[in-house]
Amino acid sequence: MTSSEMQAHLRQAVSELCARFTGEYWRKVDDARGYPEEFVKALTEAGWLAALIPEEYGGSGLGITEASIILEEVNRSGGNSGACHAQMYIMGTLLRHGSEEQKRKYLPKIASGELRLQAFGVTEPNTGTDTTRLKTMAVRNGARYVVNGQKVFISRVQHSDLMILLVRTTPLDRVKKKSDGLSVLLVDLREAIGRGITVRPIQTMMNHETNELFIDDLEVPVENLIGEEGKGFRYILDGMNAERTLIAAECVGDGYWFIERAKTYAKDRVVFDRPIGQNQGIQFPIARAFVNVEAANLMRFKAAELFDAGKPCGAEANMAKLLAADASWEAANVAIQTHGGFGFAAEYDIERKFRETRLYQVAPISTNLILSFVAEHVLGLPRSF
């Protein structure tokens, strides 16, 4: 089977699974501010969330290219990958930097669905993207780290068994480089919640199960340190290119979904004895949105190809995320405008997807910060912050 044939097979299989979860299913989950438990379970049991886990640990051993197709198809089918996408890129921190003992202990169970690794604890209320200034401290006390601090906008905590937690193990004023002294801990949430971690849900515009965490004297075994103490910032950065590329794929999926809905409605909706899609005022915005999604799609595959080849891809991954987020947001607005008042009606699903895709202008990194990255690291302009 050629690569293109395999990808086509992958798309079909994921699409068929997603077809079991209709717009009505996603609307009910959204209305209840619930978690799509049945969908995530089905995706896990089919092996799709274990795509990036090597076969020796029970996964499929696929690349970022294939993983991105899985997430794209979920969103292209009208679903929301945000419920489970983190496992794809969080797992890489454990896979690339964890000990062999850690990988054998956790990865097979993550692959089978016995354990979920869906939570990623980095962002804090007063630091945001300025990660090196985070204040959550972990102090070693014998065989354990004692952790104190606060995290915010940490998604899926209530539906995850494990969390990757970035902490400072050496105070900022004691390191030569501000990126030194950060460490990564693997936290067992089943034991930690209620015994060191207090979870406060944050209600947001879209249903994204996100939370604020208050960490008070949380004890984490030393053997749960991933990699070397003080080198955690590099480990987290290592996974961000995968994150950007996968999020770009989700946005591409959203974009195609919005365009398909707009196109279909424009053909079917008749006003003044003619389909509204016959009017250039309707045609041109849909066509332009499609062109931009196609362009973002190409950049996504370029970033994924470089990542899978082990080549530098920071610029491509960031540009893919920016282009795709912008394209999906443009397509969302076009879909609303094409549908008129019906675009705001919940039964059409557009307003739900509209809210969901808006997130990616801000997270996991804002478009402005991507522009700053490109300006400095690609164009060689002076650092702006």
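The values are calculated or read from the model by the stated rules, or taken from the named source; none is laboratory data. Remember, predicted model here, so these are calculated numbers, not experimental data. No Cβ is skipped: glycine too gets one built from the backbone with ideal geometry, and neighbour counts run over all protein chains shown. All accessible areas refer to the heavy atoms of the entire protein, side chains included, with ligands and DNA or RNA removed. Shrake-Rupley method; radii C 1.70, N 1.55, O 1.52, S 1.80 Å.
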May I ask you to derive the relative contact order of the stretch 78-213, considering only C-alpha pairs under 8 Å and at least 6 residues apart, and to give it as an integer percent?
22
On a 1.4 Å probe surface of the protein chains, which of Asp31, Asp217 comes out largest in accessible area, and what is the full order?
Asp31, Asp217
Which value, in nm² and rounded to one decimal, describes the direction-averaged projected area of the C-alpha convex hull of the chain?
20.2
How big is the dipole moment of the chain about its Cα centre under a simple scheme where the beta carbon of each Lys and Arg is +1, that of each Asp and Glu is -1, and everything else is neutral? Debye, nearest 20, please.
820
Please report the relative contact order for the chain, taking Cα pairs under 8 Å with a sequence separation of at least 6, and give it as a percent rounded to a whole number.
15
Ranking request for peptides 248-257, 66-75: highest mean number of other beta-carbon atoms within 10 Å first, then the rest in descending order.
248-257, 66-75
For a quick check of your reading of the filter: which trypsin sites (Lys or Arg not before Pro) in the stretch 21-128 sit in a DSSP loop and have no more than 15 other Cβ atoms within 10 Å?
Arg33
Would you mind calculating the gained length between Asp188 and Arg200 on full extension (0.36 nm times residue separation, minus the Cα-Cα distance), in nm to one decimal?
2.6 nm
Pick out which of Glu100, Glu294, Glu260 has the largest mean-square fluctuation in a Gaussian network model of the chain, springs linking Cα atoms closer than 10 Å.
Glu100
Beyond a 30 Å Cα-Cα separation, which of these cross-linked pairs lie in this structure: Lys151/Lys321; Lys105/Lys353; Lys103/Lys231; Lys103/Lys135?
Lys105/Lys353
Hey, with R₀ at 45 Å, roughly what FRET efficiency would Ser179 and Lys28 work out to, going by the Cβ-Cβ distance, to 0.05?
0.55
Kindly identify the stretch 50-98 as rounded, prolate or oblate by the Cα gyration tensor criterion: order the square roots of the eigenvalues as a ≥ b ≥ c, call it rounded if a/c is under 1.5, otherwise compare a/b with b/c, prolate if a/b is larger, else oblate.
prolate
Which whole-number value in Å² is the accessible area per residue of the chain, probe 1.4 Å?
46
If you consider only alpha-carbon coordinates, what radius of gyration and Dmax does the stretch 235-357 have, in Å?
16.6, 60
Alpha carbon centroid spacing (whole Å) that separates the stretch 7-26 from the stretch 323-385:
24
